[in-house]
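Below is one structure, written out as structure tokens; the observations come after it.
Please treat every number below as a calculation from the coordinates, not as lab data. Fair warning: this is a prediction, and the values are worked out from it, not measured in the lab. A quick note on method: Cβ atoms are made from the backbone with ideal geometry, for glycine too, and the neighbour counts reach across all protein chains shown.
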Amino acid sequence: MRPWFLCAALLLASCALDDARPMPDGMKWFPPTGWVQYTQTASETVRPDGAASYCSPEEADSTCLSLLDAINRQVNRSHKYVPEIAGRDEWRVMGEGDHGDCEDFALTKRARLLEAGWPADNLRLGICRTPGGEHHGVLTADAAGTTWALDVRSRRLERWDHVDCEWTGRQAPDGSWRKI
Ligand SMILES: [Ca+2]
């Protein structure tokens, strides 16, 4: 199925058109402190092993994109967004009834998608700067020829280059961090 029809079928906010392209990777970057702390206690996979092929960027189909959209919506509506103070911001997967801020939503979506069979190397956390100058964490995944942002600020999937946020860094498929 062509990407345009996939987008229309899912009523995505920003469809993959002919100019679609995945987010590029840049030079190596230091991982955020919150991520480093998270990896020390996380029960989820934090270091991709490259073994899975289902929903890889090359293989992602309409089923994969539908799953991405469904979990993005489910997590966004199941938890309350509550800002946390810089320097005292814990990165964590939210349980039922928990609240959190941007990267907690991103990590929760990542955990739900891993449970559903998405490969860890196609679930990549990204950091961007909002128009208000705040650092903002977003889960990203590549499918249908582009990179999708699972942003807590939007109910629907957004193409990475349509998000109102300036990307500064993102994980590579091996889990390391790269500048954008
Ligand atoms: Ca947090």
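Given the DSSP H assignment, sum -39500 (n - 2.57) over each helix run of at least 4 residues in the chain and divide by its residue total; what's the result at 222 nm in deg cm²/dmol, nearest 500?
Taking each H run of at least 4 residues, the total per residue is -8500 deg cm²/dmol.
Pull out the extension gain between His135 and Glu44, defined as 0.36 nm times the separation in residues minus the alpha carbon to alpha carbon distance; nm, one decimal.
Net length gain for the segment: 30.4 nm.
Give a residue-ordered list of calculated ³J(HN,Hα) values for segment 67-81 (Karplus: 6.51 cos²θ - 1.76 cosθ + 1.60, θ = phi - 60°; whole Hz; x for Gly, Pro).
5, 4, 5, 5, 6, 4, 5, 4, 5, 4, 8, 8, 9, 8, 7
Scan around Glu84 for amide H atoms under 5 Å from its own, H built in the peptide plane at 1.01 Å from N, and keep only partners 5 or more places away or cross-chain.
HN-HN under 5 Å from Glu84: empty list.
Over segment 3-179, what relative contact order in percent results from Cα pairs under 8 Å that are six or more residues apart?
Relative contact order, segment 3-179: 31 percent.
Work out how far the C-alpha atoms of segment 3-179 reach from end to end along every principal axis, then list the three figures in whole Å, largest first.
43, 32, 32
From the phi of every residue in segment 145-159, what ³J(HN,Hα) in whole Hz does the Karplus formula 6.51 cos²θ - 1.76 cosθ + 1.60 yield, where θ is phi - 60° and glycine or proline is x?
Working through the residues one at a time gives x, 8, 10, 9, 9, 9, 9, 5, 7, 10, 5, 10, 4, 10, 5 Hz.
Under 5 Å between amide hydrogens, which residues at least 5 positions from Gly26 or on another chain qualify, with H placed 1.01 Å from N in the peptide plane?
When sequence neighbours closer than 5 places are left aside, the close amide H contacts are Lys179.
From the residues Thr130, Pro83, Trp167, which one has its Cα farthest along the dipole of segment 3-179 in the positive direction, the dipole being from +1 and -1 charges on Cβ of Lys/Arg and Asp/Glu about the Cα centre?
Result: Pro83.
Run through segment 16-101 and list the trypsin sites (Lys or Arg not before Pro) located in a DSSP loop whose Cβ has at most 10 other Cβ atoms within 10 Å. Intermediate results must be reported in sequence, preceding the final value.
Details: sites: Lys28, Arg73, Arg77, Lys80, Arg88, Arg92; in loops: Arg88, Arg92.
Taking segment 16-101 and a limit of 10 other Cβ atoms within 10 Å, the loop trypsin sites (Lys or Arg not before Pro) found are Arg88.
What list of ³J(HN,Hα) values in whole Hz, one per residue of segment 99-113 in order, does the Karplus curve 6.51 cos²θ - 1.76 cosθ + 1.60 (θ = phi - 60°) give from phi, with Gly and Pro shown as x?
10, x, 10, 3, 6, 5, 5, 4, 5, 5, 4, 4, 5, 5, 6
If you keep only loop residues by DSSP, which trypsin sites (Lys or Arg not before Pro) in segment 95-180 have at most 13 other Cβ atoms within 10 Å of their Cβ?
Sites meeting the loop and neighbour criteria: Arg155.
Name the longest site-free stretch of the chain, where the excluded sites are GluC sites (Glu not before Pro) in a DSSP loop with no more than 11 other beta-carbon atoms within 10 Å.
Here the longest segment lacking exposed loop sites spans 97-180.
Rounded to two decimals, what is the ratio between the C-alpha radius of gyration of segment 23-118 and 2.2 N^0.38 Å?
On the way: Rg = 14.6 Å, N = 96, 2.2 N^0.38 = 12.5 Å.
After normalising by residue count via 2.2 N^0.38 Å, the value is 1.17.
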